[in-house]
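Single-structure report; data block below.
Values in this text are rule-based calculations from the coordinates and carry no lab data. The shown structure was predicted, so the numbers you read here are calculated from the model rather than taken from an experiment. Methodologically, a virtual Cβ is constructed for each residue, glycine included, from the backbone with ideal geometry; neighbour enumeration extends over all protein chains shown.
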Amino acid sequence: MVEIKELEETSRKIRRDIMVMLAEAGSGHSGGSLSAVEVLVSLYWNILKHDPEKPDWEERDWFVLSKGHACPVLYAVLAAGGYFPRKALWTLRKLDSILQGHPHRLKTPGVEFSTGSLGQGLSLAAGAAMGLKRQGMPNSVFVLTGDGEQNEGAIWEAGMTAAHYRLDNLCAICDRNYLMIDGNTEEVMGLDSLPDKWRAFNWQVFEIDGHDLGQMTYAYQRFLLEKKRPTMIIANTIKGKGVSFMENLADWHGATPKKGEQVQQALADLGFTAPWEEYKKHDFDWVG
Amino acid sequence: MGGIREDVHLVDYRKGVDMVPSRDGYGHGLLWLCEHDDRVVVCDADLAKSTRTIWVRDKFPEKFVDFGIAEQDMLAEAGGMSRTGLVPFVTTYGVFVAGRAWDQIRTSICYGELNVKIGGAHGGISVGPDGPTHQSLEEIPLMRVLPGMTLVVPTDAIEAKKATIWAASHEGPVYLRFGREGVPVITTEETPFTVGRAEVYRDGGDVAIIGCGPLVYEALVAADKLEKEGVDARVINCHTVKPLDVDTLLTAAKECGAIVTAEEAQVYGGLGGAVAEVISQHHPVPMRIVGIEDVFGESGSPRELLDRYGMNSDNIVSKVKEVIEMKK
Ligand SMILES: Cc1ncc(C[n+]2csc(CCOP(=O)(O)OP(=O)(O)O)c2C)c(N)n1
Ligand SMILES: [Mg+2]
């Protein structure tokens with residue numbers, strides 16, 4: 001188990017890489033990438049069984065990014081974990097890059113499914129969980145959905161299936177940042193009480209602070225102990241977390257920090273002071 | 001030698017063009033309709049800004065309905081509303097409507113003959129860096145095979161506005177395809193536009209280039225290049241892919257004896273397929289189809305992708321040379 005202090009520092013660096021990556025790309029999704037950092041860091045560093053050298057390792061746990069638009073956070077995590085060279089991050093969304101605008105399993109090591117059309121990842125993950133279970137494999141499957149994404153009917157179809165077949169090896173996380181593109185989720189299409197809905201669907205439900213690495217780790221561990229039901233972790237988060245001018249603003253959903261002053265400001269908010277382009281030249285641990 | 005027809009009142013595109021996304025024309029058309037047609041309701045699925053329905057949300061909030069990220073629900077709900085006399089314009093990206101909600105469109109809307117209008121944004125590979133998940137390359141075939149559907153692929157923002165306003169006046173399902181990128185504005189208010197009628201923009205007798213969407217502009221540029229090589233190309237804007245203007249197409253086949261189609265979509269089942277169905281059954285002539293050759297795209301800039309996947313004026317020129325060679 002990695003110390004929380006250390007994971008906090010890792011999260012800070014992941015946020016830095018997301019910002020630099022998106023500034024370089026000039027398009028992409030800032031808000032929903034920043035909100036999911038602790039969800040992924042606690043999972044990849046403390047829970048997930050995986051081997052960057054062998055992405056297809058039979059005994060690995062699976063992670064599915066159902067909200068595919070947030071792939072910058074996944075790419076930053078995979079690069080830090082050693083799935084591919086860090087310099088690939090600066091080619092995001094460019095012609096011939098291994099990092100597509102939305103995750104593609106055939107181009108990026110560590111990506112299990114091609115996603116980006118919302119509302120499909122929970123079914124893909126449940127299907128993988130079912131396949132593993134039927135073959136007597138002990139692997140767990142984790143899947144991250146958006147909260148707006150849970151408007152999709154297919155989410156609730158998968159919700160029924162996973163509970164019906166008692167997929168206790170399936171752990172879904174909902175990035176509950178209360179924002180989608182058109183605005184606040186409760187104004188666009190009300191979801192609450194989301195925890196009650198999932199309980200009514202016979203899932204084990206945790207509602208926690210999605211930026212608290214300790215709480216996230218605890219919820220994942222409780223999932224590993226569950227022997228009957230699938231688990232839904234409702235992770236309360238802040239869209240744009242860590243960058244003051246992005247926090248809680250729907251307009252930063254699909255916008256990126258501009259090269260120069262703006263991305264420098266974002267890095268300053270995260271406590272990084274070196275010129276932003278310097279971070280492209282050094283390794284993950286270099287803080288300037 | 002032929003040349004640009006005077007009676008189509010095109011912009012003098014050789015002197016430069018304004019670049020405007022066709023989705024803007026949709027937004028302007030919706031605003032006009034909201035002022036003039038009480039029956040119109042604009043439906044959105046959490047993409048108000050990029051599909052321009054936000055203009056309606058801001059100016060006519062009482063005419064705007066957000067369904068959240070639930071396209072299948074939105075399409076069938078629009079079907080329900082249409083039975084009460086309203087005229088819903090449902091709007092999202094092409095992939096999420098023509099793909100995700102295809103069964104709702106097929107059975108509830110087309111089979112049930114419901115009066116629903118569909119605005120499909122982000123058509124084509126020029127969607128760019130978002131990548132293949134968002135580049136809609138298959139809606140033309142998906143919509144074209146549905147009985148009762150009218151399918152229009154406007155060439156620019158002006159034509160998109162005209163098509164949007166026309167859609168409200170038509171009884172029955174309509175699909176309008178728009179792009180994300182700014183594309184050349186080549187038509188004017190005076191340019192003739194009738195749904196179901198392909199418009200000859202340039203006269204010519206050696207080959208007919210039949211395009212839709214922004215590739216009509218590429219076809220005009222290709223025709224200029226071909227003229228320098230002594231090839232006289234007719235250019236036709238076939239904005240209505242369904243119902244197809246069979247007369248204009250057959251006349252072109254008979255008079256030119258060779259056809260090249262051009263669209264920003266898969267080469268299977270789209271405009272090219274539609275034209276081939278007519279030509280091969282009624283007046284076979286050499287033919288080639290310009291489009292994406294049975295692959296998914298990738299992330300990149302719009303221009304890079306159009307060049308890499310073969311949808312620029314030079315690609316049209318080389319296909320024209322192939323069919324001219326076959327005529328000999
Ligand atoms: C089926 C589908 N419809 C629409 C979209 C366009 N889209 C991309 S992100 C997004 C909003 C997602 O909101 P949410 O799930 O809350 O994600 P987050 O806030 O975590 O970014 C939408 C509508 C899509 N990608 N897929
Ligand atoms: Mg959200």
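Backbone N atoms of region B:255-292 closer than 14 Å to the 7 Å Cα→Cβ label point of B:R14 are not found in any residue.
For chain A, the mean residue ellipticity at 222 nm estimated from helices alone is -10500 deg cm²/dmol, where every DSSP H run of n ≥ 4 contributes -39500 (n - 2.57) and the total is divided by all residues, rounded to the nearest 500.
Pairs exceeding a 24 Å alpha-carbon distance, out of A:K13/A:K258; B:K15/B:K319; B:K161/B:K228: B:K15/B:K319; B:K161/B:K228. Separation of the alpha carbons by more than 18 angstrom is noted, of A:K107/A:K259; A:K133/A:K228; A:K54/A:K107; A:K67/A:K87, for A:K107/A:K259; A:K67/A:K87.
Per residue of peptide B:303-312, the mean number of Cβ atoms on other chains within 10 Å of the residue Cβ is 1. The mean number of partner chain beta-carbon atoms within 10 angstrom of a residue's beta-carbon across peptide A:19-32 is 1.
Pop the C-beta distance of B:R303 and A:T91 into the FRET formula with R0 = 22 Å and round what comes out to the nearest 0.05.
Details: r = 18 Å, r/R0 = 0.81.
FRET efficiency, B:R303 to A:T91: 0.80.
In the protein assembly as shown, the ratio of gyration radius to Kirkwood radius, Rg to Rh, stands at 1.01 when only Cα atoms are counted. Just to confirm the number: angle between the C-alpha axis of helix B:313-327 and the first principal axis of chain B, 0 to 90 degrees, nearest 10? Helix B:313-327 and the main axis of chain B meet at about 50 degrees. Calculated over region B:19-184, the projected area of the Cα convex hull averaged across directions stands at 8.2 nm².
Mind checking the mean number of beta-carbon atoms from other chains within 10 Å of the Cβ atoms in A:93-104?
Mean partner-chain Cβ count within 10 Å for A:93-104: 6.
From most to least packed by mean Cβ count within 10 Å, the peptides A:63-75, A:129-141, B:88-100 give A:63-75, B:88-100, A:129-141. Between A:D251 and B:K228, the C-beta separation translates, for a Förster distance of 45 Å, into a calculated FRET efficiency of about 0.40.
The distance separating the Cα centre of region A:124-141 from that of region B:213-261 comes to 54 Å.
The gain in end-to-end length when the A:R134 to A:K281 segment is fully stretched comes to 48.3 nm, 0.36 nm per residue minus the alpha carbon separation.
Run through the DSSP bridge list for the protein assembly as shown and note the antiparallel percent, rounded to the nearest 5.
15 percent
Which of the aspartates and glutamates could be linked to B:K63 by a straight reach, that is with a Cα gap under 19 Å, when you skip same-chain ones fewer than 8 residues away? Qualifying aspartates and glutamates at Cα under 19 Å: A:D182, A:E187, B:D24, B:E35, B:D37, B:D38, B:D44, B:D46, B:E71, B:D73, B:E77.
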